[in-house]
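Throughout, read-outs are computed from the coordinates displayed, never taken from laboratory work. As the structure is a computational prediction, the values presented were derived from the model and not from experiment. We place every Cβ from the backbone using ideal geometry, glycine too, and count neighbours over all the protein chains shown.
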Amino acid sequence: MHERRRPVPLDERSGRAAAPVAAQHAVLAMQRAAGNRAVVQALAGSAPAVQRSATMDLGAWNDQPVQTYEMGLNAMTDDIVGHAWVDVKEVGGQGRKRSVGFWPGSSGWLPTGGRGELMSPDGHDGQQMHRQKETMSRERFLRVLNVVNAWEGSYYQLLYRNCAHFAKAAWIAGTGSPDGIVPLGEGRIWTPAEVAEGIDYVNKKRGLDAKGDPLPQPTP
């Protein structure tokens, strides 16, 4: 597990003005009532701080590049909203690994959306309930880096441009194919639960469980 720094309120991290106290409390109360733990943590400022730019983080690996990488697609589905993110690991070299997820800034949870931010490492790293992994080339790694760069500080909207959309974009860049995970059409609602369903479908075909581990073999 990565060491987590002192939580920083979302308005400090994003550099935007804080939302009115009454309005934020109303949103928190609504999300708590719905059981959306991840949303409550983010809005309450209990999510870990962004350690540094995800683009800088992965881009720094070019100091000693390797030719093979492992990419993971991860999902949590323990509440209504859930969460999806990706991770990348060097195969050989220094064996560096980093997870990246897309989160809303202080106004991102509004129906109209707002500025988003990439969290590196992702706030739920190590807690995934569903995981698929693939090996990718350096060329594919650079494509993932381009996606990360494009999404850094970009627009977040809960239904049409959320964490699952970012994970989809990075995954396709890294693997070259959605592998049955998601359709490529734009402008559709996409959720972490759908990411999890796709992961489970692929893992089952490979004889793996939801987390990508081998299924127990039946006793003779």
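So how do 202-208, 119-125 stack up, highest first, on mean other-Cβ count within 10 Å?
Details: 202-208: 13.6, 119-125: 23.6.
Top to bottom by mean Cβ count within 10 Å: 119-125, 202-208.
What percent do you get for the relative contact order of region 49-205 when only Cα pairs under 8 Å and 6+ apart count? Write down the numbers at each step before the final one.
Details: 319 pairs, mean separation 44.0, N = 157.
Relative contact order comes out at 28 percent.
Dividing the alpha-carbon radius of gyration of region 60-176 by 2.2 N^0.38 Å (N being the number of residues), what value is obtained? The partial results should precede the final answer.
Working: Rg = 14.1 Å, N = 117, 2.2 N^0.38 = 13.4 Å.
This ratio for region 60-176 stands at 1.05.
Within region 151-166, find all residues whose amide N lies under 17 Å from a label point positioned 7 Å from the Cα of Glu197 along Cα-to-beta-carbon.
Hits in region 151-166 for Glu197 at 17 Å: 159-160, 164-165.
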